[in-house]
Amino acid sequence: MATLLLLRHGRTTANADGGLAGRQPVELDDTGRAQATAAGERLRGLPLAAVVTSPLIRCRQTLELALPQAAPTVDEGLIECGYGTWEGQPLKKLAKEPLWPVVQQHPSAAVFPDGEAMAAMAARAVATVRSWDARITAEHGPEAVWLACSHGDVIKAIVADALGVHLDLFQRIVADPASVTAIRYTPLRPFLLRLNDTGGDLAGLVPPPRKRRRRSARPAESDAAVGGGAGAGR
């Protein structure tokens, strides 16, 4: 199967200020732009069969800096979790809300006020990347590499699914700004190849071309009996 690279967007003004951006149109700050450019240096030269992105501007800005030659496809399935009335509020304030411990310890039960359930976010994110992966494998072959640019909680949920762990454990996973996480899905199980990689060489993630099997030479025609030895046919 194809290899998926999950790229988180670079740091935003909300990240820097300690706020919860959610689906608000926050943009990259200077650090985030530098992170996106550095990620592009690492991704340069990889034969990406497709680039897919969340519709939010911070992801699109990240790809404009990291992969300026790419023509990303926008997919709503990669959008950030809908945090409802929590969006735009300081994390320090939200940490005092009764829902906060649920989000941290039992996220599968968390439903944000006037927003999305974390379980629903995880389900649509996983369905989105698995659908894209199957399509890209069918169109480009199992050696294909493709990239999806998304958000921290979305990437963590996809990783939890790949590891086969419950969503309630996904807060143990880290996806830093501009980090790369690599997953390879197979008919049997997914494999997590990289997690939260912010500086390693990515060239090794490109699978080598499969060796074609040579057709065995056609056996010489013989009228000897099957399994025959010296006395065969006698």
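Let's see how each residue does on (1) farther than 28 Å from L99 by Cα; (2) within 18 Å of the chain's Cα centre (by Cα); (3) buried (at least 21 other Cβ atoms within 10 Å of the Cβ):
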| residue | (1), (2), (3) |
| --- | --- |
| L7 | yes, yes, yes |
| G32 | yes, no, yes |
| A38 | yes, no, no |
| V51 | yes, yes, no |
| C81 | no, yes, yes |
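How many residues, within segment 15-52, are within 14 Å of A66 (Cβ to Cβ) and either of a type in the set (A, V, I, L, M, F, W, C) or touching an Asp or Glu at 6+ places or on another chain (Cβ under 7 Å) (or both)?
Number of matching residues: 10.
Please determine, by comparing only the residues of segment 160-172 that are closer than 22 Å to H9 by Cβ, free of Cβ contacts under 8 Å to residues at least 60 places away in the same chain and within 15 Å of the chain's Cα centre (by Cα), which one is surrounded by the most Cβ atoms within 10 Å (Cβ to Cβ).
Filtering first and then ranking leaves A162.
Those residues that are of a type in the set (S, T, Y) and either open to solvent by 30 Å² or more (accessible area, probe 1.4 Å) or touching a Ser or Thr at 6+ places or on another chain (Cβ under 7 Å) (or both), I need them from segment 113-143; list them, please.
Of everything in segment 113-143, just one residue is of a type in the set (S, T, Y) and either open to solvent by 30 Å² or more (accessible area, probe 1.4 Å) or touching a Ser or Thr at 6+ places or on another chain (Cβ under 7 Å) (or both), namely S131.
Can you confirm whether segment 53-66 contains a residue that is closer than 20 Å to A144 by Cα, in contact with a strand residue (DSSP E or B) (Cβ under 8 Å, 6 or more places away or on another chain) and part of a helix (DSSP H, G or I)?
Checked segment 53-66: at least one residue is closer than 20 Å to A144 by Cα, in contact with a strand residue (DSSP E or B) (Cβ under 8 Å, 6 or more places away or on another chain) and part of a helix (DSSP H, G or I).
Just to be sure I understand, how many residues within segment 63-96 are free of Cβ contacts under 8 Å to residues at least 12 places away in the same chain and of a type in the set (G, A, S)?
Number of matching residues: 1.
Determine which single condition A157 fails, assuming it passes every other condition in (1) out of contact with any His (no Cβ under 7 Å at 6 or more places or on another chain); (2) over 18 Å from V52 (Cα atoms).
Going through (1) out of contact with any His (no Cβ under 7 Å at 6 or more places or on another chain); (2) over 18 Å from V52 (Cα atoms) one by one, A157 breaks only (2).
Does C149 satisfy the condition of being more than 13 Å from the chain's Cα centre (by Cα) and within 21 Å of L7 (Cα to Cα)?
No: the conditions fail for C149.
Taking L28 as the residue in question, decide whether it is more than 18 Å from F170 (Cβ to Cβ), crowded, with 19+ Cβ neighbours inside 10 Å and free of Cβ contacts under 8 Å to residues at least 40 places away in the same chain.
Yes; evaluated as a whole, the condition is true for this residue.
Could you tell me how many of the residues in segment 67-79 are buried (at least 16 other Cβ atoms within 10 Å of the Cβ), outside any helix (DSSP H, G or I), within 15 Å of the chain's Cα centre (by Cα) and hydrophobic (A, V, I, L, M, F, W, C)?
1
So which residues in segment 53-64 are of a type in the set (S, T, Y) and either surrounded by fewer than 20 Cβ atoms within 10 Å (Cβ to Cβ) or touching a Gly at 6+ places or on another chain (Cβ under 6 Å) (or both), if there are any at all?
Listed by number, the list holds a single entry, T62.
So A50 passes all but one of these: (1) outside any loop (DSSP other than H, G, I, E, B); (2) farther than 21 Å from D133 by Cα. Which condition number does it fail?
(2)
Look through E64, E143 and report the one residue that is touching a Pro at 6+ places or on another chain (Cβ under 8 Å) and of a type in the set (D, E).
Just one listed residue meets the conditions, E143.
The values are calculated or read from the model by the stated rules, or taken from the named source; none is laboratory data. On a predicted model such as this, the values are computed, not experimentally measured, just so you know. Using ideal geometry, Cβ is built from the backbone for each residue, glycine included, and neighbour counts are taken over all protein chains shown. These accessible areas exclude ligands, DNA and RNA; they are computed on the full protein's heavy atoms, side chains included. Shrake-Rupley method; radii C 1.70, N 1.55, O 1.52, S 1.80 Å.
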